[in-house]
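Single-structure report; data block below.
The values are calculated or read from the model by the stated rules, or taken from the named source; none is laboratory data. In this text, all values refer to a predicted model and were calculated from it rather than measured experimentally. Here the Cβ positions follow ideal geometry from the backbone for every residue, glycine too, while neighbour counts run over all protein chains shown.
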Amino acid sequence: MAGTIATIIQEKSHKMKTSGSETVTARVHCLGILSIFCFAAAGCSAPVATVEGQVRLGGQPLPGGSIILFCEDGQIVRGMIDQQGHYQVVNVPYGTARVAIQVHWPQPEGLYLSQQLPPVIEGPVTPGRLPPNLSRFVSLPPRYSIPEESGLSVQVGRKMVHCDWDLSF
């Protein structure tokens, strides 16, 4: 097969050398076909969606953490949970995804580094930060951090999926 392709390329290049105008025409033709192929290949990506919603524990918003989606195709996508329990995960492939939810242990105030981040416009929610009083920190049962044990999943089949989670102890 490779020998056949090499022979065709050699014949084409020999024909292209025969006259100047044919060479230019052949090159333009080849570039046109190549560009059409590139545009077609770029449009063949798998569809992705945004999954958003709110996480509650015992009816109260979960004040911070991460939500991790383990997709059918092997991709793992993550989103941050803000102080009101809202989350947003972008670029989620279509299909069923297993879900894990994790809380982040609060850091002592002295460990925070000041950051000047640009505002988020039509993107994922800005990660929440707990105030110095750590009484709002909530510990989740360990099963929610393991996708096989959490019992949570989401079906992604359209561009925007809204999914709220009400977790229990």
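Among the residues of region 40-95, which ones are acidic (Asp, Glu) and part of a loop (DSSP other than H, G, I, E, B)? So that I can check it myself, show each step before the final result.
The initial filter retains those residues of region 40-95 that are acidic (Asp, Glu), namely 52, 72-73, 82.
Answer for region 40-95, where residues must be acidic (Asp, Glu) and part of a loop (DSSP other than H, G, I, E, B): Glu72, Asp73, Asp82.
Before we move on, is Pro119 within 23 Å of the chain's Cα centre (by Cα) and modelled with pLDDT under 90? Reasoning before the result, please.
Details: within 23 Å of the chain's Cα centre (by Cα): yes; modelled with pLDDT under 90: yes.
Yes; evaluated as a whole, the condition is true for this residue.
Anything in region 134-169 that is of a type in the set (Ser, Thr, Tyr) and in contact (Cβ under 8 Å) with a residue 40 or more places away in the chain? List them, or say none.
As a first pass, look at region 134-169 and keep what is of a type in the set (Ser, Thr, Tyr): 135, 139, 144-145, 150, 153, 168.
Answer for region 134-169, where residues must be of a type in the set (Ser, Thr, Tyr) and in contact (Cβ under 8 Å) with a residue 40 or more places away in the chain: Tyr144, Ser145, Ser150, Ser153, Ser168.
Among the residues in region 159-169, are any over 26 Å from Val48 (Cβ atoms), small (Gly, Ala, Ser) and either at pLDDT 90 or above or surrounded by 12 or more Cβ atoms within 10 Å (Cβ to Cβ) (or both)?
Yes, because at least one residue in region 159-169 is over 26 Å from Val48 (Cβ atoms), small (Gly, Ala, Ser) and either at pLDDT 90 or above or surrounded by 12 or more Cβ atoms within 10 Å (Cβ to Cβ) (or both).
Need pairs with beta-carbon distance below 6 Å; first residue more than 22 Å from Leu140 (Cβ to Cβ) and within region 89-102, second among the hydroxyl-bearing types (Ser, Thr, Tyr); sequence gap 6+ or separate chains.
Partner pairs satisfying both residue conditions: Val90/Thr50; Thr96/Ser153.
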